[in-house]
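J.: Let me give you the structure first, and then I'll get to my questions.
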Amino acid sequence: MRYMILIYGSPGAWKALDPDALNAAHVALQDELRSSRELIDTRELSVDDAKIVRTEGGRPVVTDGPFVEIKEIAAGYYIVECSGMDRATEIAGKLVEAQFAPIEVRRIPSAANP
């Protein structure tokens, strides 16, 4: 089964983290997941040029985002292929960000098995 592990965070929390330690933790996890052949993809998501799209009267309204009042923003993701939700949540629990922000784990349905 494939799962998306969506990492949330906040600018305040990231400032409290040592960027070198955070990077080293991600490199170690990625090495582990590559070794076990569970890692499909991982990316950091840009916040700088993010946009929020809503519709009003059937027309798209685009604003800069994420909104300041949002406490946590999507900051990155891992896509893993593993034995099940228990393993996917185990992987999510290894992320340093889980100490200060939620990590969301969702199954990615296959085309043959929605």
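The values are calculated or read from the model by the stated rules, or taken from the named source; none is laboratory data. Keep in mind it's a predicted model, so treat the numbers as computed, not measured. For neighbour counting, all protein chains shown are included, and Cβ atoms are generated from backbone atoms with ideal geometry for every residue, glycine included.
J.: Just need a number here: residues in region 1-37 that are within 16 Å of the chain's Cα centre (by Cα) and not β-branched (Val, Ile, Thr).
T.: Within region 1-37, the first condition is being within 16 Å of the chain's Cα centre (by Cα), and the residues that meet it are 2-11, 13-14, 22-23, 25-27, 29-30, 33.
Next, from what is left, pick out any that are not β-branched (Val, Ile, Thr): 2-4, 6, 8-11, 13-14, 22-23, 25-26, 29-30, 33.
Number of matching residues: 17.
J.: With VAL62, VAL27 as the choices, which residue is among the β-branched types (Val, Ile, Thr), loosely packed, with under 12 Cβ neighbours inside 10 Å and under 23 Å from GLN99 (Cα atoms)?
T.: Numbers: VAL62 fails: under 23 Å from GLN99 (Cα atoms).
None of the others qualify; the one that does is VAL27.
J.: If you check ALA101 against the conditions, is it touching an Asp or Glu at 6+ places or on another chain (Cβ under 7 Å) and either modelled with pLDDT under 90 or closer than 14 Å to ARG2 by Cβ (or both)?
T.: On the way: touching an Asp or Glu at 6+ places or on another chain (Cβ under 7 Å): yes; either modelled with pLDDT under 90 or closer than 14 Å to ARG2 by Cβ (or both): yes.
So ALA101 passes the test.
J.: For the subset of region 38-66 comprising residues that are out of contact with any strand residue (DSSP E or B) (no Cβ under 8 Å at 6 or more places or on another chain) and at pLDDT 85 or above, which member is farthest from ILE91 (Cα to Cα)? Explain how you work it out, then say what you get.
T.: Restricting attention to region 38-66, the residues satisfying the condition of being out of contact with any strand residue (DSSP E or B) (no Cβ under 8 Å at 6 or more places or on another chain) are 46, 48-49, 56-59.
After this cut, where a residue has to be at pLDDT 85 or above as well, the list is 56-59.
Numbers: GLU56: 39, GLY57: 42, GLY58: 41, ARG59: 40 Å.
Applying the filter and picking the extreme gives GLY57.
J.: Answer with yes or no whether GLU97 is assigned to a helix (DSSP H, G or I) and among the charged types (D, E, K, R).
T.: Details: assigned to a helix (DSSP H, G or I): yes; among the charged types (D, E, K, R): yes.
So GLU97 fits the description; yes.
J.: Right, here's the next one. If I filter region 67-76 for residues that are of a type in the set (Asp, Glu), out of contact with any strand residue (DSSP E or B) (no Cβ under 9 Å at 6 or more places or on another chain), closer than 27 Å to TRP14 by Cα and modelled with pLDDT of 90 or more, do I get at least one hit?
T.: Initially, region 67-76 is screened for residues of a type in the set (Asp, Glu), giving 69, 72.
Those left that are additionally out of contact with any strand residue (DSSP E or B) (no Cβ under 9 Å at 6 or more places or on another chain): 69.
Add one more test, that the residue is closer than 27 Å to TRP14 by Cα, and what stays is 69.
Remaining after also requiring modelled with pLDDT of 90 or more: none.
No, every residue in region 67-76 fails to be of a type in the set (Asp, Glu), out of contact with any strand residue (DSSP E or B) (no Cβ under 9 Å at 6 or more places or on another chain), closer than 27 Å to TRP14 by Cα and modelled with pLDDT of 90 or more.
J.: Sort out which residues of region 77-89 are among the charged types (D, E, K, R) and either surrounded by 13 or more Cβ atoms within 10 Å (Cβ to Cβ) or in contact with a strand residue (DSSP E or B) (Cβ under 6 Å, 6 or more places away or on another chain) (or both), and write them in order of number. Please lay out each step first, then the result.
T.: Looking only at region 77-89, we keep the residues that are among the charged types (D, E, K, R), and these are 81, 86-87.
Scanning region 77-89 gives GLU81, ARG87.
J.: So, ALA74, is that one under 17 Å from MET4 (Cα atoms) and either under 15 Å from the mean Cα position of the chain (by Cα) or without any contact (Cβ under 8 Å) to a residue 12 or more places away in the chain (or both) or not?
T.: Numbers: under 17 Å from MET4 (Cα atoms): yes; either under 15 Å from the mean Cα position of the chain (by Cα) or without any contact (Cβ under 8 Å) to a residue 12 or more places away in the chain (or both): yes.
The answer is yes for ALA74.
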